[in-house]
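Q: Below: one structure in structure tokens.
The values are calculated or read from the model by the stated rules, or taken from the named source; none is laboratory data. Everything numeric here is computed off the predicted structure, so don't read it as measured data. Virtual Cβ from ideal backbone geometry, glycine too; neighbours counted across all protein chains shown.
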Amino acid sequence: MFGPRQFKSVVDRPRVSPAAPSDESLLPPITMYTTQWCGACLMAKRHLRRRGIPYIEIDIEKVAGAADQVKHWARGYRTVPTFVIGERIVVDWDQSAFEAALSAEIEARREAAGR
């Protein structure tokens, strides 16, 4: 599996907005597979910045193996953005699906921590 050590860039944590999860220790690692020309990727990045959610960005056209990994998750397509949110995969930008996966990961981490 393609790992976060082979990333293109790390996006610095912006100021945390009130909409961001209150306990940052519960935030799962988030990796976003993108391309430079992808409009939906720009919308997704803007959403994450507004929420104060850090992520690792991997450009599938610049990082060897990244496009093949996305094709594996997206049933043969190079669909971007594709997200790895903890243990969950979200293919394409769907804010509701992204938020649902993020919430599920945070809840799983909360339960594992006994909170």
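Q: Here is a check on your reading of the model: is VAL63 within 17 Å of GLN36 (Cα to Cα), in a helix (DSSP H, G or I) and not aromatic (Phe, Trp, Tyr)?
A: Numbers: within 17 Å of GLN36 (Cα to Cα): yes; in a helix (DSSP H, G or I): no; not aromatic (Phe, Trp, Tyr): yes.
Criteria not met by VAL63.
Q: Could I ask something else about it? Quick check, is ALA40 in contact with a strand residue (DSSP E or B) (Cβ under 7 Å, 6 or more places away or on another chain), within 13 Å of ASP92 (Cβ to Cβ) and either among the hydrophobic types (A, V, I, L, M, F, W, C) or outside any loop (DSSP other than H, G, I, E, B) (or both)? Working first, answer last.
A: Values: in contact with a strand residue (DSSP E or B) (Cβ under 7 Å, 6 or more places away or on another chain): no; within 13 Å of ASP92 (Cβ to Cβ): yes; either among the hydrophobic types (A, V, I, L, M, F, W, C) or outside any loop (DSSP other than H, G, I, E, B) (or both): yes.
So ALA40 does not fit the description; no.
Q: In addition: Does segment 48-63 contain at least one residue that is modelled with pLDDT of 95 or more, within 30 Å of GLY114 (Cβ to Cβ), surrounded by 13 or more Cβ atoms within 10 Å (Cβ to Cβ) and of a type in the set (Ser, Thr, Tyr)?
A: yes
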